[in-house]
């Protein structure tokens with residue numbers, strides 16, 4: 001057990017004075033202690049030594065022999081300071097004192113067995129000493145425990161205040177950060193709200209454009225169908241023109257054959273005219289030989305010769321005309337052949353155009369279906385974006401409320417910090 005108790009608080013003067021006023025009894029209690037020690041000191045000292053050792057015996061002598069004053073009270077209280085310093089068990093101390101009292105009382109009864117008044121006085125004085133000393137010791141321990149508890153509360157209060165302060169500072173800082181983030185989020189939400197409005201307008205314009213495109217595509221399909229019908233009519237006309245050109249070629253070829261036959265006949269007439277002219281010349285010669293008798297024959301021969309010459313000239317004229325007709329016929333045949341080829345090309349081109357227009361009609365039909373679906377999707381997207389815009393407005397409003405809530409939270413944290421300081425100050429007191 002450590003004997004250094006200088007650092008421990010002693011009983012206050014008010015506590016000491018209160019006990020002296022209650023215990024001293026005008027000096028009679030001190031007188032009774034001295035008397036009892038002189039009568040039974042050795043027995044009491046041995047009993048204390050048996051239960052508390054030599055130090056217990058020394059303490060008992062001090063209790064009984066010193067004046068009952070402030071120093072006496074502090075001397076008794078020192079036992080409490082020693083017990084507190086060594087963390088001695090108070091219940092064990094009280095139990096040991098009870099055992100010692102049970103040992104002393106029978107001894108006092110035996111010592112004063114033939115003196116009734118002295119026996120009563122001795123037992124009363126001993127009980128009073130035990131009660132007073134126990135009160136002083138426990139009061140000293142209670143004071144030290146109260147101080148220790150106050151110190152512990154002070155340390156705990158300081159620690160609690162530090163933790164609360166750290167928590168408040170952290171919460172305040174976090175609230176400021178969250179407030180800034182909330183402001184940024186609110187700004188972003190408002191920006192997103194503006195962009196959503198732009199997107200909604202663009203979606204509506206897109207839906208209108210898609211509907212107009214669907215109408216245009218439907219008109220284009222009708223135009224392609226009309227053009228395809230016209231192309232089919234033109235193809236039929238080209239087919240008929242090709243047939244007529246083929247017939248014209250055949251007729252021209254037949255005409256060319258007739259012209260060749262006529263040319264053969266004219267060649268024969270030309271030969272006959274030549275022979276007639278030769279015969280007329282021979283007849284003229286023979287008439288000249290006959291003299292006057294052949295003069296009439298010479299005139300006939302001359303007319304025959306003239307007729308042969310006219311026939312030859314007419315035949316030449318006809319031949320020239322036939323040649324021109326034959327050349328024109330050949331040109332007509334060539335032209336009809338060229339026309340037939342051109343008509344065939346036109347027919348082929350018309351077939352390709354018709355096929356291409358059929359493909360275009362199919363493509364435009366698919367485009368129209370896709371545009372219709374896109375128009376429906378654009379309408380749906382426009383409705384969805386309108387809903388998103390409404391939700392975004394609600395979110396922006398909620399974020400503003402959250403920001404206000406953080407402001408109120410910071411104020412409440414400040415109030416909590418102030419209240420905590422007051423609470424800690426009250427505990428520490």
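Read-outs throughout are calculated quantities, based only on the coordinates presented, and are distinct from any laboratory measurement. In this text, all values refer to a predicted model and were calculated from it rather than measured experimentally. As a convention, Cβ positions derive from the backbone with ideal geometry for all residues, glycine included, and neighbour counts pool all protein chains shown.
Stokes-Einstein diffusion of the range 13-111 at 25 °C, 0.890 mPa s viscosity, Kirkwood radius from Cα pairs, rounded to a whole number: 169 µm²/s.
For 51, 7, 258, what's the fewest-to-most ordering of other Cβ within 10 Å of each Cβ?
On the way: 51 16, 7 7, 258 13.
Least to most surrounded, the residues fall as 7, 258, 51.
Of the peptides 130-139, 105-114, the ranking by mean beta-carbon count within 10 Å, highest at the top, reads 130-139, 105-114. Listed peptides 27-33, 158-164 appear in the order 27-33, 158-164 once ranked by packing, highest mean of other Cβ atoms within 10 Å at the front.
With 5 Å bins beginning at zero, the pair-distance distribution over Cα atoms of the range 41-160 amounts to 2, 10, 17, 21, 17, 12, 7, 5, 4, 2, 1, 1, 0, 0 %.
Protection proxy ranking, highest mean first, for peptides 410-419, 78-87: 78-87, 410-419, where packing is the per-residue count of other beta-carbon atoms within 10 Å, averaged.
Once C-alpha pairs closer than 8 Å and six or more residues apart are averaged by separation and normalised to the residue number of the range 1-137, the relative contact order reads 34 percent. With both labels modelled 7 Å from their Cα along Cα-to-Cβ, the residue 338 to residue 98 distance reads 15.0 nm. Per residue, the convex hull spanned by the Cα atoms of the range 1-50 amounts to 114 cubic angstrom. For the range 85-130, the spread of Cα positions along the three principal axes, ordered from largest to smallest, is 44, 16, 12 Å.
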